[in-house]
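The values are calculated or read from the model by the stated rules, or taken from the named source; none is laboratory data. Because the structure is predicted, anything quoted here is derived from the model rather than measured. Don't worry about glycine lacking a Cβ; one is built from the backbone with ideal geometry, like all the others, and counts go over all protein chains shown.
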Amino acid sequence: MKPLHILPLLLLAGASPAVADTLVDNIQGVSVDRDGKVTRFTGIWIDDDGRVKELLDRRDKRPQGTDFAVDGKGAYVIPGLVDSHLHVMGIGFGALTLDLSGTRSLAEAQAAIRDYAAKNPDRKWIVGRGWNQETWGLGRFPTAAELDAVVADRPVLMERVDGHAHWANSAALAAAGINATTADPAGGRIERIAGSRAPAGVLVDNAMGLIASAVPAPRPDDRDLALAKAQEILLANGITAAADMGTTIEDWQSMRRAGDAGWLRMRIMAYAGGPEAMELIGGPGPSPWLYEDKLRLNGVKLYMDGALGSRGAWLKAPYADDPRNTGLPIVSGTQLRNIMSRAALDKFQVAVHAIGDRGNAEVLSAIEELGETYKGDRRWRIEHAQVVDPADIARFGKSGTIASMQPVHQTSDRLMAEARLGPSRLAGAYAWRSIDNGGSMLVFGTDAPVESSDPFAGLAAAISRTGPDGQPFGGWFPGETVSREAALAAYTAAGAYAGFGESRFGEIKPGLPADFVVLDRDPLLATPEDLRRSKVLQTWVGGERVYMAGTTAASAPVGR
């Protein structure tokens, strides 16, 4: 990637007057607490520090002499949305590199890669993401030869949509020294050409590390550009706070540069990408909240298993469509407990990726065991919790484990999950209501860039269990829907709590920073179809307007 010098532009875009006494009036406001209790209001009085001073009802007398007054013109206002699982830099880099997520066939993906390579002759590597052999209807993984057919003169490396597999051409495999003698690493798999040991071109889970080190690392200014782009996308979607899963030291340094220079506009709860990054970033423990509660290292993100799409999710029984395969534990149970203990000893919050029913059961067992040693408010998290044995669902609530789930995965994965699991094993798949009823704290996110960062698609899926096409009629296992209030709480107040941010954001109420989103419709009344068409008109963080529809990042009015 060419170096891009963006700091002057970012500083210009982020320049704003000091926070001042403001009245946002003539709105239809709604906030929910962690239990889904609704508060409605028609005005927000914001103090000089950017905090909510008072919520006003229609009958309340308005304050006089405020520094600024904003007429909401009857628009709807909800709390700033909290995405409890995404990848900030992945969103930015995904928007700036080749994106295959919209391709619907192998041929279409090949054409996109060929065109991108032709337009970027100076790129030493062609990198991108978003391919999905299931969407293509391919019935198998793509191969190195199919990449060689369109780009053979330099390495090509494409990350699968779920981030759990790489697709490489022959030049990329050669650059990394991967050949027939290369052994599968623990927790990973090199796909082989049938009847031989020769690599076929796809590397699953831990095998991705065999090639990642050969790819030229982004420069600091590349990372700053990616962070700026990610913020632009997320704020436009009404996301004012996010849990960044897998933060590297390089990511953290970019976030710190943004905070130091004044262009960190949203709130980031960082979870380091493994114990080494955790120690590099946090040292003896979680960081304090920095930059007026815009940035904190909360803890560490770990992996128990892979993903369903690449058949890396660890299952109790073999895959229905691959009877010899039960998936991959990325670490052993002992390794998992050792790493979790190492983190918990220094009070880092632990978030563990688990998708398969066996993977989820193993993490729950580890949490139950470690919970006997590490007392206090730990807020253990399982990320995704996609396929859970119904017998294990109650264990979430009993152990106080937060279920961090992504509603859009259910609508995207439905047909694939049916094929991978078979009809008899779907009862605990994407079981939001069952987990919530079992007493677990349920929080929602998008997993962007694996999925779109649009939270309203997630809200629509959560209340309907249907996709953008309205299918299946009546919803997929509709008993697992949640109420509109519960869905909004999972995207706001509960999400803040899951990241130890409940005293700082997540609701619109006196004393908290004024983080809110102005919408064109009421999410508590809209149909799923209408929810998906929601338009964010404005986004405010800490009493400052940081996004307005119809403006660009460089010219958007910020402040008042």
field: Conditions (1) modelled with pLDDT of 95 or more; (2) under 26 Å from residue 158 (Cβ atoms); number of the one not met by residue 212
entry: (1)
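If you check residue 452 against the conditions, is it within 18 Å of the chain's Cα centre (by Cα) and farther than 25 Å from residue 72 by Cβ? Spell out how you get there, then give the answer.
Working: within 18 Å of the chain's Cα centre (by Cα): yes; farther than 25 Å from residue 72 by Cβ: yes.
Spelling it out, residue 452 is indeed within 18 Å of the chain's Cα centre (by Cα) and farther than 25 Å from residue 72 by Cβ.
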field: Positions within region 412-439 being of a type in the set (Ser, Thr, Tyr) and surrounded by 24 or more Cβ atoms within 10 Å (Cβ to Cβ), in sequence order
entry: 412, 430
- prompt: Looking at (1) over 14 Å from residue 97 (Cα atoms); (2) buried (at least 20 other Cβ atoms within 10 Å of the Cβ); (3) among the aliphatic types (A, V, I, L, M), can you tell me which one residue 151 breaks?
  reply: (2)
field: Answer from 541, 450, 518 - the residue that is crowded, with 24+ Cβ neighbours inside 10 Å, more than 30 Å from residue 21 (Cβ to Cβ), in contact (Cβ under 8 Å) with a residue 60 or more places away in the chain and touching a Gly at 6+ places or on another chain (Cβ under 7 Å)
entry: 450
field: Residue that is farther than 27 Å from residue 246 by Cα and either modelled with pLDDT of 95 or more or touching a helix residue (DSSP H, G or I) at 6+ places or on another chain (Cβ under 6 Å) (or both), where the choices are 431, 427, 461, 448
entry: 427
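Only one of these is touching a residue at least 60 places away in the same chain (Cβ under 8 Å) and either over 16 Å from the mean Cα position of the chain (by Cα) or over 30 Å from residue 413 (Cα atoms) (or both): 285, 259. Name it. Working first, answer last.
Details: 259 fails: touching a residue at least 60 places away in the same chain (Cβ under 8 Å).
Exactly one of 285, 259 is touching a residue at least 60 places away in the same chain (Cβ under 8 Å) and either over 16 Å from the mean Cα position of the chain (by Cα) or over 30 Å from residue 413 (Cα atoms) (or both), namely 285.
Table: residues versus (1) assigned to a loop (DSSP other than H, G, I, E, B); (2) touching a helix residue (DSSP H, G or I) at 6+ places or on another chain (Cβ under 7 Å); (3) among the aromatic types (Phe, Trp, Tyr).
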{"position": "486", "(1), (2), (3)": "no, yes, no"}
{"position": "489", "(1), (2), (3)": "no, no, no"}
{"position": "509", "(1), (2), (3)": "yes, no, no"}
{"position": "524", "(1), (2), (3)": "yes, yes, no"}
{"position": "537", "(1), (2), (3)": "no, no, no"}
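Any residue in region 69-85 that is in a loop (DSSP other than H, G, I, E, B), touching a residue at least 24 places away in the same chain (Cβ under 8 Å) and among the aliphatic types (A, V, I, L, M)? Explain how you work it out, then say what you get.
Going residue by residue through region 69-85, those that are in a loop (DSSP other than H, G, I, E, B) are 72-75, 80.
With touching a residue at least 24 places away in the same chain (Cβ under 8 Å) added as a condition, the list becomes 72-75, 80.
Next cut, among the aliphatic types (A, V, I, L, M) only: 75.
So far as region 69-85 goes, yes, one or more of its residues are in a loop (DSSP other than H, G, I, E, B), touching a residue at least 24 places away in the same chain (Cβ under 8 Å) and among the aliphatic types (A, V, I, L, M).
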- request: State whether one or more residues within region 58-73 are under 33 Å from the mean Cα position of the chain (by Cα), more than 17 Å from residue 543 (Cβ to Cβ) and surrounded by 14 or more Cβ atoms within 10 Å (Cβ to Cβ).
  value: no
field: Which listed residue, of 140, 114, 129, 123, is surrounded by 16 or more Cβ atoms within 10 Å (Cβ to Cβ), out of contact with any strand residue (DSSP E or B) (no Cβ under 7 Å at 6 or more places or on another chain) and not aromatic (Phe, Trp, Tyr)
entry: 123
